[in-house]
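Values in this text are rule-based calculations from the coordinates and carry no lab data. Treat the numbers as computed from the prediction; the structure is a model and nothing was measured. All Cβ positions, even for glycine, are placed from backbone atoms using ideal geometry, and neighbour counts span all protein chains on display.
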Amino acid sequence: MNVEDINISYHQAKKAYSEIGVDTDEVLQKISELPISIHCWQSDDISGFENSALTSKTGGIQVTENYKGKARDIGEVRADLEKVLSLVPGKHRVNLHAIYGDFGKDLVDRNEIKIEHFQSWIDWAKKLQIGLDFNPTCFFHPLADSGFTLSNTDKEIRDFWIAHIKRCRKIAAEMGKQLGTPTILNIWIPDGAKDIPIDRNGHRDILRKSLDEIFKDEYPQEYLKDSLESKLFGIGAEAMTVGSSEFYLGYAIGNKKLLCIDNGHFHPTEQVGDKISSILQFLKEINVHLTRSIRWDSDHVTTFNEDIILIAQEIIRNGFLQRTHISLDYFDASINRIGAYVTGIRASQLAFLYAMLEPTEKLKTIEKEKKNFQRLAYLEILKSMPFGAVYDYFCLVKKVPVAKDYIADIEQYERQVISKR
């Protein structure tokens, strides 16, 4: 897009928003300070770099289709992530799963991983001046094939996963220490039953005790923040998920942990944004995973839709931004993976920008005065306000492609890099 046209459109938008009491310059400063944690696993369809002798591809997660040019090694994942970061405005983070360690040809099982396997990631992040987040990988492993990990009735299997997560927490704390920004360690397990179980309580009691054991090791909050992620159901766990929303909410409140809300992990008729102000009555912080669910699949590329907008609005309207950690969590192998990344990040940023451009205090006053028609009218007017022009200007000042220009940039990267893999 033409720079002069972008500037003209922005100043017209600035004037339009000033008429409803919104300073777009202040909003741009605010959105530039919003980091999004970008998930490494979109780059290679959750393959990771473990020795194949340790990997099982069953249980809980599926990546469909096989678009050309997925990343094949750590160097290609990092190159792809660097390309992504060059195409989105703002300063962001990278979110790693434990299977993305720098293992080389070594046979390193998950209960044996060490900081040395992730030091090159820390060095890379330090060079880019970004933070890292981390996740235990409790799937794609022979000891997860039964469908139960931390809630397994077999103590030997359960102890393996406890040891894995303990090592992950130690690694995450070291990441946070070296990078000078806390690492979010997010625990998600696939545990559940395909058909109707009898002893739901037994598995949940075991899970609670496993978590108690994991969290015996304490780390400074400035290095590590623990997060627990629920799910309504998963593939192979349609009848019951051990780590339900109620289970983890109770555990997080009782043990002062972060609760991870993945908007693809609830019933399609639930408004996930509506949950935020309830949860933050009782928790200090939350971790939010932005995705897009279609029927039973929770992991489509995030788009600028009503679900994401409501999440952003609830966070911004209530001043929760400093208490909320934003991450992406999806994997689409049917399209260009860099395009999937950039489209999802920009959509997420646009939702938060849209929320920041609301005249929040004016709307709250109207609501208190029970002027319901006026409230509805303003919400409708805001839908056609020129928020896109503000985002375009944000991209311009941050020196990344504006509007559709990023499409050509990704197509060129595909021709020059991805097509040769």
Problem set entry | Net length gained if the chain between Lys209 and Leu283 were fully extended (0.36 nm per residue, minus Cα distance) | 24.5 nm
Exercise. With labels modelled as points extended 7 Å from the Cα through the Cβ direction, what inter-label distance (nm, one decimal) is found for Lys399 paired with Arg72?
Worked result: 3.4
For this session: Please report Thr24, Thr269, Thr181 as a ranked list, fewest other C-beta atoms within 10 angstrom at the top and most at the bottom.
Result: Thr269, Thr181, Thr24
Exercise. Could you give me the ³J(HN,Hα) list for the stretch 237-250, computed from phi with Karplus coefficients 6.51, -1.76, 1.60 and θ = phi - 60°, whole Hz, x at Gly and Pro?
Worked result: 9, 6, 7, 7, 10, 4, x, 6, 4, 5, 4, 6, 4, x
Exercise. Picking from Ser278, Ser327, Ser56, which is most flexible by a Gaussian network model of the chain using Cα springs under 10 Å?
Worked result: Ser278
For this session: For the chain, set up a Gaussian network in which alpha carbons nearer than 10 Å are linked by springs, and say which option among Tyr219, Tyr406, Tyr67 fluctuates the most.
Result: Tyr67
Exercise. How would you rank 389-395, 8-14, highest first, on the average number of other Cβ atoms within 10 Å across their residues?
Worked result: 389-395, 8-14
Seminar exercise, completed: Distance in Å, no decimals, from the C-alpha centre of the stretch 139-197 to the one of the stretch 249-296 is 19
Problem set entry | Relative contact order %, the stretch 1-83, counting alpha carbon pairs below 8 Å whose residues are six or more apart | 25
Exercise. For the stretch 123-242, what value does the Rg/Rh ratio take when both radii are computed over Cα atoms and Rh is the Kirkwood radius, given to two decimals?
Worked result: 1.03
